[in-house]
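Read the figures in this text as sums done on the coordinates, not as results from a lab. The shown structure was predicted, so the numbers you read here are calculated from the model rather than taken from an experiment. Here Cβ is always computed from backbone atoms with ideal geometry, including for glycine, and neighbour counts include all displayed protein chains.
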Amino acid sequence: MITEEIADLVSSAVKKAQKRGELPAFDVPPIVVESPKHPEYGDYAVSVAMASARFARMAPMKIAEAIVKNMKKAEFIGEVSIAHPGFINFRLNDVWVAEQVDVIRGKGLEWGNVNRGKGRSVQVEYVSANPTGPLHFGGARNAVLGDTVANLLEAGGYKVQREYYVNDAGTQMKLFGETLFARYAQALGVDMPVPEEGYRGEYMVEWGREIASEHGRKFLEMPKEEALKAITELGLKKALSTMESDLKLLGVVFDRWFSEKSLYENGTFDKVMTILRENDLLGFRDSAVWFLATKLGGQKDEVLIRSDGTPGYFASDIAYHYDKFVIRKFDRVVDVWAVDHQGHVPRMKLVMKALGLDPERLTILLYGLVRLKRGGQEVKISKRSGDIITLREVVEEVGSDAVRFMLLTRSAESTIDFDLELAVKQSSENPVYYVQYAHARIASILRKAREMGIGEEEIETGDVHLLTHPAEMAVIRHMLKLEEIIDLCVSNLAPHHLPFYAMDLASLFHALYRDCRVLPGSPEDMPVSLARLKLMQAIEVVLEKVLGLMGVSAPEEM
């Protein structure tokens with residue numbers, strides 16, 4: 001990565017200057033490589049001279065001069081300069097920059113990958129909505145965020161498993177089963193009320209009718225508890241099948257759907273309770289079992305098993321994370337949760353301590369709400385059913401690409417407005433259309449080149465050193481930043497940088513297309529055209545790469 005190479009050059013130069021007595025001995029502060037605010041200063045800048053001034057007891061400009069004097073020459077650096085009050089600015093070598101077009105073409109969709117993970121395993125658990133009905137559109141943000149983070153972690157050198165945690169135990173599942181049983185009975189003419197806190201959606205009426213049609217009066221003729229258990233299982237299958245189908249529409253596919261109930265059936269929960277008891281972290285009061293979080297520095301103790309003997313969500317979460325880290329041995333886990341669960345984060349970190357695990361191995365990524373809008377007005381009720389607005393309903397209206405791209409255009413914890421009208425606009429106002437159109441336009445240029453008889457073998461002979469126009473240099477320089485963007489996204493689990501990188505790349509391409517003729521108008525144009533066709537291929541690769549990380553398609557035509 002260019003930033004790492006520059007940091008290494010600077011670090012080595014400081015040490016060399018110290019060895020030669022041109023700088024005093026001091027521990028070199030972290031070397032941060034950034035892009036200058038004003039491009040005329042260069043492509044990259046470091047401020048280590050200012051950061052070192054109080055240690056070296058020298059003026060930053062003098063420190064910068066000593067560093068530059070002792071810096072090795074590097075092929076990729078064209079110019080190094082010093083700017084007041086002590087910045088060291090680096091400009092890339094234009095010849096080297098042009099040569100990277102062939103490097104990008106050679107690496108293809110591997111371009112931009114980094115090896116931050118070094119093959120370590122990471123589990124990303126996302127969506128995990130209660131399996132009690134179709135997915136609400138609000139869950140789309142969880143799905144898109146989690147899936148894109150998983151894609152990024154793979155590009156960052158991790159071995160990734162995508163998982164959906166199925167809450168098939170507990171109070172909500174009990175209410176779900178009782179509601180479905182009532183709807184089933186009603187479909188057969190039996191006047192059975194829906195529980196007061198049951199699920200009122202129209203889909204429950206429909207599922208009740210389907211079960212009545214498939215099984216007749218079978219469940220009315222068996223003991224109630226047995227019937228409820230059977231109906232709940234049937235409903236769970238319907239809910240999971242619906243969720244899986246809806247998520248596939250969004251391009252989200254899981255490696256595993258993990259059952260909460262299995263934690264109680266296979267002894268994992270009992271094992272965890274034993275560990276907590278042996279570590280003196282369980283308490284008994286008010287007929288309930290408590291996790292003594294205050295012993296680990298928590299602000300308050302937490303109920304694990306309620307006074308009626310049923311485990312709460314927190315109890316399941318402890319067992320589930322024991323399964324992730326201890327039984328399945330993931331090196332790292334990322335949970336994607338709604339921001340209203342932020343109070344749960346500190347106690348999960350305490351759980352890691354209680355289980356003898358490093359809390360840093362668990363990352364909980366919080367995301368904000370989604371407001372659905374149409375023409376500036378917030379939309380809360382489904383036109384189709386008069387009930388919740390489902391993920392499927394929105395994806396069918398605007399398409400998976402628009403949903404995924406636009407849900408990534410804000411940092412995770414920010415509230416986001418999703419405009420249904422903007423999502424389908426075929427204009428530069430619509431960011432996903434703008435980026436996809438750039439890819440389609442490049443594909444069209446390459447098709448026309450083939451129609452003109454310019455084949456791949458001929459393009460391969462193109463000399464990238466002919467790429468010297470400012471618009472060409474600008475787009476190549478931007479493509480060279482992809483490694484930095486992916487590394488930033490992976491380090492901070494911040495995929496919102498991807499759509500902005502893609503929009504900037506599309507903008508630079510459109511400017512290049514305006515200012516530089518690609519296809520030859522005469523035989524004399526051919527050498528430059530071949531070089532520019534190589535550049536088109538490189539831009540096409542990078543656009544496809546970034547769109548792919550977001551789970552968005554890269555169309556050949558629009």
**Within straight-line cross-link reach of residue 174, aspartates and glutamates at Cα separation under 16 Å, skipping those fewer than 8 residues along the same chain** = 196, 197, 225, 226, 233, 260, 308
**Prompt:** Rounded to the nearest 0.05, what FRET efficiency do residue 415 and residue 255 have when you use their Cβ-Cβ distance and R0 = 51 Å?
**Reply:** 0.95
**Asked** When you take every Cα atom in the stretch 195-348, what is the radius of gyration, and what is Dmax, the widest Cα pair distance, in Å?
**Response** 19.4, 56
**Prompt:** Which ³J(HN,Hα) values in Hz, rounded to whole numbers, follow from the phi angles of the stretch 495-503 under the Karplus curve 6.51 cos²θ - 1.76 cosθ + 1.60, where θ = phi - 60° and Gly and Pro get x?
**Reply:** x, 5, 5, 5, x, 6, 4, 5, 5
**Prompt:** Among the listed pairs 261/373; 261/300; 237/271; 353/380, which are separated by more than 31 Å between their Cα atoms?
**Reply:** 261/373; 353/380
**Selection from 198, 468, 492, by position along the positive dipole direction of the chain (Cβ)** = 492
**Relative contact order of the chain, pairs being alpha-carbon contacts under 8 Å that are 6 or more residues apart, as %** = 15
**Asked** Cα centroid distance between the stretch 165-238 and the stretch 40-116, in Å?
**Response** 66
**Fill in**
Magnitude of the Cβ-charge dipole (Lys and Arg +1, Asp and Glu -1) of the stretch 187-290 about the Cα centre, nearest 20 debye, reported as 180
**Prompt:** In straight Cα distance, which aspartates and glutamates are under 19 Å from residue 448, not counting same-chain residues fewer than 8 positions off?
**Reply:** 456, 457, 458, 460, 515, 524, 525, 540, 556, 557
**Asked** Where the convex hull is taken over the Cα atoms of the chain, what is its projected area averaged over directions, in nm²?
**Response** 33.4
**Prompt:** If each residue's Cβ is checked for other Cβ atoms within 10 Å, how do 242, 461 rank with the fewest at the top?
**Reply:** 461, 242
**Asked** Which is farthest toward the positive dipole end of the chain among 266, 433, 299, measuring Cα position about the Cα centre, with Cβ charges +1 (Lys, Arg) and -1 (Asp, Glu)?
**Response** 299
**Request:** Just the number, please: percent antiparallel of the DSSP beta bridges in the chain, rounded to the nearest 5.
**Result:** 50
**Prompt:** If you take the alpha carbon radius of gyration of the stretch 2-91 and divide it by 2.2 N^0.38 Å, what ratio comes out, to two decimals?
**Reply:** 0.98
**Asked** What value does the stretch 171-248 have for Rg/Rh, both radii from Cα atoms and Rh as Kirkwood defines it?
**Response** 0.95
**Message:** Given an 8 Å cut-off on Cα distances and at least 6 residues of separation, report the relative contact order of the stretch 2-91 as a percent.
**Reply:** 31
**Positive-pole candidate from 372, 139, 322, dipole of the chain, charges at beta carbon** = 322
**Shape box of the stretch 437-550 [Cα atoms, principal axes, largest first, Å]** = 50, 25, 24
**Item:** Magnitude of the charge dipole, the chain, Cβ model with Lys/Arg +1 and Asp/Glu -1, debye to 20
**Value:** 1340
**Prompt:** Taking the Cα centre of each part, how many Å lie between the stretch 254-316 and the stretch 1-38?
**Reply:** 50
**Message:** Taking 8 Å as the Cα distance limit and 6 or more residues as the minimum spacing, I'd like the relative contact order of the stretch 23-153 as a percentage.
**Reply:** 17
**Item:** Computed magnitude of the charge dipole of the stretch 171-248 (debye, nearest 20; Cβ of K, R +1, Cβ of D, E -1)
**Value:** 140
**Item:** Residue order, fewest to most surrounding Cβ atoms within 10 angstrom, among 481, 118
**Value:** 118, 481
**Cα-based reach from residue 19 at 20 Å (exclusive), listing lysines while leaving out same-chain residues under 8 positions away** = 62, 69, 72, 73
